[in-house]
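Just below is one structure, and these are the notes that go with it.
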Amino acid sequence: MHMKMIIVTTVEEYKSEVFKLFKKAGVESFSESDIDGYKSAAPLMYTSSWFPSEKGGAASNMFFSFTQEEKVTELFKLIKQFNTESETTNPTRAVEIPIERTV
């Protein structure tokens, strides 16, 4: 059994959808954390804020899991399908990292 680590990021509005995708792919154990997502912006945007001292990040979530390779393959297929069907400028992103050893 080949284990992989997966990391998935999404904007807050898609959090519940990502939960469903993990479940549908058979990924039963995972962790989630709230994060602030940023995109590069023109310098003018930084100074034009009404409250420039406030954070400008988008409310986002990061999920990660150690799981079997075949479940990762299914999850990636589901995420690609979800992104294709969603009309957003912030698609859900995922990466797969091989696991060399576990204890």
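Please treat every number below as a calculation from the coordinates, not as lab data. Remember, predicted model here, so these are calculated numbers, not experimental data. As a convention, Cβ positions derive from the backbone with ideal geometry for all residues, glycine included, and neighbour counts pool all protein chains shown.
What the table shows:
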item: Label-point separation in nm, A58 to D34, each point 7 Å along Cα→Cβ; result: 1.8
item: Selection of GluC sites (Glu not before Pro), segment 66-103, meeting DSSP coil and at most 16 other Cβ within 10 Å; result: E87, E100
item: Relative exposure of S86, S31, judged by other C-beta atoms within 10 Å (fewest first); result: S31, S86
